[in-house]
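Scroll down for the structure; my scribbles are underneath it.
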Amino acid sequence: MTPFSDLSIHTERLSLRPLVEADANDLFAIFGDPRVMRYWSTPVWADREQALRLVAGDREALARREDLRLGLVRRDLGRVVGTVSLFRIDAGNRRAEIGYALGAEHQGAGLMSEALVALVDLAFDHQPGAPFDDLRLHRLEADIDPRNTASAASLTRLGFQLEGTLRERWQVGGEISDSGLYGLLRPDWLARRSGRPTLR
């Protein structure tokens, strides 16, 4: 079991690590961009202080091992270009939700898929000493706006299945939207990663 505050993941192009106050400008550039927030469940950020509050809230959640949000540091640029989250962790039912955001200028290059593969690999790793070995997660869930076809495609590539649609679930900035609910089971993920068919 690795404390969330110490967690660091490295992929081919990214370093995933907890956010710090020095990331505030990068975070505001992401979450203050209407293109990124078009299908988000909260309004576009209005000021940089929201970034600082996010980092402070994350620090507390990390210490309690309740929620995990990691900044995606693009190594060739040395700055945060997005985030991935594992949250609403339900240890009793061995499930959690994932969330993600990527700066508009970095979309379309496969960076989010790279980050999410690494996060899901870790989430479903039950080996002793793995970061989440105590959680023994069996299921991951994602809630997206069905109009966000790029996000739906990313989830589908990972093996998530659309399990239902909740009508008019969110009201953000006076706009009502549905929720597309996606789920991924650990046996299905392990089978995809090994190239074997899922055994039930």
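Structure values in brief
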item: Hypothetical label at Trp170: residues of region 100-130 whose amide nitrogen lies under 15 Å (7 Å Cα-Cβ projection); result: 100-102
item: Separation of the Leu190 and Asp33 label points, Cα + 7 Å toward Cβ, nm; result: 3.8 nm
item: Relative contact order %, region 4-103, counting alpha carbon pairs below 8 Å whose residues are six or more apart; result: 28 percent
item: Fraction of the pair-distance distribution of region 98-200 above 19 Å, Cα-Cα pairs, percent; result: 50 percent
item: Kyte-Doolittle mean at least -1.0, axial Cα span of 20 Å or more - DSSP H helices of the chain; result: 49-64
item: Loop-resident sites, region 28-98, for trypsin sites (Lys or Arg not before Pro), counting at most 16 other Cβ within 10 Å (DSSP); result: Arg38, Arg48, Arg75, Arg94
item: Volume per residue that the Cα convex hull of the chain spans, once the total is divided by residue count, Å³; result: 127 Å³
item: Theoretical ellipticity at 222 nm over the chain - DSSP helices of four or more residues, -39500 (n - 2.57) apiece, nearest 500; result: -9000 deg cm²/dmol
item: Dipole axis of region 92-190 (+1 Lys, Arg; -1 Asp, Glu on Cβ), positive-most option in Leu185, Thr156, Gly103; result: Leu185
item: Using a Förster distance of 25 Å, the FRET efficiency for Asp178-Val44 (Cβ separation, nearest 0.05); result: 0.80
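Coordinate-derived values only; no laboratory data. Keep in mind the model is a prediction, meaning the values are calculated, not measured. Cβ atoms come from the backbone with ideal geometry, glycine included; neighbour counts cover every protein chain shown.
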